[in-house]
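*Asks:* Pasting a structure here, questions to come.
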Amino acid sequence: QVQLVESGRGLVQPGGSLRLSCVASGSIFSISAMGWYRQAPGKQRNLVARIITGGSTDYADSVKDRFTISRDNAKNTVYLQMNSLKPEDTAVYYCRFSTSTGAYWGQGTQVTVSS
């Protein structure tokens, strides 16, 4: 059984920074990609950033140059450094691991950007 646990939730002012972490535990084999998604109230869940096996990264246009995804393969952990946060970044953030046995999601962590 694979479990993903996110941390780093919080309330931050516009322009501030926050770092999310997601640790995977259990029987994990051949991780092909790690990613972060977010879902705002009343909206669908969308990709924020992802990093694939070779180290290549993809970002949503709305977060380019503000967010950085990174990973620690030895710890089965993926991070999302979020800088210059805006109110429109407010959402529940989910991590997702794609593996040879399927895709797994974290439970979500709330990020609120407000003055």
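The values are calculated or read from the model by the stated rules, or taken from the named source; none is laboratory data. Just so it is clear, the model here is predicted, and its values are computed rather than measured. Counting neighbours? That spans all protein chains shown, and the Cβs are built from the backbone with ideal geometry, glycine included.
*Asks:* Yes or no: ALA49 more than 15 Å from the chain's Cα centre (by Cα) and of a type in the set (A, V, I, L, M, F, W, C)? Quick ask: steps written out before the conclusion?
*Replies:* Details: more than 15 Å from the chain's Cα centre (by Cα): no; of a type in the set (A, V, I, L, M, F, W, C): yes.
When the stated conditions are applied, ALA49 does not pass them.
*Asks:* When segment 2-26 is examined, which residues are found to be over 15 Å from ARG96 (Cα atoms) and of a type outside the set (D, E, K, R)?
*Replies:* The answer is GLY8, GLY10, LEU11, VAL12, GLN13, PRO14, GLY15, GLY16, SER17, LEU18.
*Asks:* Can you find a residue in segment 64-77 that is closer than 16 Å to GLN3 by Cα, in contact with a Phe, Trp or Tyr (Cβ under 8 Å, 6 or more places away or on another chain) and modelled with pLDDT of 95 or more?
*Replies:* No.
*Asks:* Give just the number: which of (1) in contact with a Leu (Cβ under 9 Å, 6 or more places away or on another chain); (2) at positive phi; (3) of a type in the set (D, E, K, R) does ASP65 not satisfy?
*Replies:* Just one mismatch for ASP65, condition (1).
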